[in-house]
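Each remark here refers to the structure printed beneath this line.
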Amino acid sequence: MASTDKYLMAAVLGWPVMHSRSPLLHNYWMGRYGLTGIYVPIEVKPDGIGDALKGLAPLGFSGCNLTIPHKQNALPFLNEIDLVAKKIGAVSCVTVREDGSLLGTNNDWYGFIENIVEAFPGWRADAGPIAVLGAGGGARAVVHGLVERGATEIRLINRGHERAQIIADEFDGPITPVKWEERSSALAGCAMAVNATSQGMQGMDALDIDLNELPRDARVADIIYIPKETPFLRAARERGNPIVNGLGMLLHQGRPAWKLWFGVDVEVTKELRAKIEATL
């Protein structure tokens, strides 16, 4: 349990970062669990991530989250990377240890799976083929989570086919890279489709895909939570597919971070979800 007589600090590092709801999430927990401290957003340019990470320990931070574009370019500046982050090839959470060294891990996969399980009770990763769009850090976390949960077929779709092939080669799982021009037809027979790209995010172009081949009972997920309903999710909802956005992924990935930083087990409550949803 974190000391109540110490001012606790953590942050999210990104470029841009002011859109993030992470500060609202973590500062809610500070209040709910009676801790004195703050969680702040810090804008860090892509070429400044090394210096930013080096400053965490001297400034008294317990750790930080990493968001776009730092999840992969932060890797060389960490003292240790755990096995999960190594396998995913991206870091979402950094812990400052007592000696000032930095440990990197990835909680995004955990957040993604917990979000899916919460939204779709009884969901099974082995219920049928799963289409995942994207091959960046977010997609790698999604794929890792699906493999861990026993997925039997993952169709990995990306504009750059070679990046999808790299993930298929690196991960020990049933992953088939799919060319971008085949993205719509690859949805045929899928039990689930996941957008793990940034397309559809506020200020970004919508994901260009035709859902006609996707079964109407297939679950559809997006790792984006701003806007609350992306064009991809709206199109799926309008045709009758059950949908879930990325807000729960954000909420649940924070739980293991708090355990690492402050030694506190935190909960994702209805009050917390409603508080953040009201800002979207």
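Values in this text are rule-based calculations from the coordinates and carry no lab data. Keep in mind the model is a prediction, meaning the values are calculated, not measured. Because the Cβ atoms are built from the backbone with ideal geometry, glycine has one as well, and the counts that use them run over all protein chains shown.
Brief remarks on what is shown
- Short-range pairs are left out: with C-alpha atoms under 8 Å and at least six residues apart, the relative contact order of the chain is 16 percent.
- Fewest-first ranking of I42, I175, using other Cβ atoms within 10 Å as the exposure measure: I42, I175
- Reported to the nearest whole Å, the Cα centre-to-centre distance from the range 1-71 to the range 181-239 is 31.
- Considering only alpha-carbon pairs that sit under 8 angstrom and 6 or more positions apart, the relative contact order computed for the range 2-117 is 24 percent.
- Neighbour cut-off at most 13 other Cβ (10 Å), DSSP loop, chymotrypsin sites (Phe, Trp or Tyr not before Pro), the range 1-73: Y7
- Fraction of antiparallel bridges per DSSP, the chain only, in percent to nearest 5: 20 percent
- Charges were assigned to the Cβ only: +1 to each Lys and Arg, -1 to each Asp and Glu. The resulting dipole of the range 1-102 about its Cα centre is roughly 300 debye.
- Placing unit charges on the Cβ atoms only, positive for Lys and Arg and negative for Asp and Glu, gives the chain a dipole magnitude near 440 debye about its Cα centre.
- Residue order for S62, S92, fewest other beta carbons within 10 angstrom first, comes to S62, S92.
- Charge dipole (debye, nearest 20) of the range 121-241; +1 at Cβ of Lys and Arg, -1 at Cβ of Asp and Glu: 340 debye
- Note on A278 and L83: the model spin-label points, each 7 Å out from Cα along the C-beta direction, lie 4.3 nm apart.
- Net charge in the neighbourhood of H161 (other residues with Cβ under 12 Å of its Cβ; Lys, Arg +1, Asp, Glu -1) is +1.
- Within-9-Å neighbourhood charge of D265 [Cβ basis; K, R +1; D, E -1]: +1
- Of the DSSP H helices in the chain, those whose Cα atoms cover at least 18 Å axially and whose Kyte score averages -1.0 or more: 247-262
- Net charge over other residues, Cβ less than 13 angstrom from the Cβ of D210 (K, R count +1; D, E count -1): -2
- The lysine pair count for the chain, using Cα distances under 17 Å and pairs eight or more places apart or on different chains, is 8.
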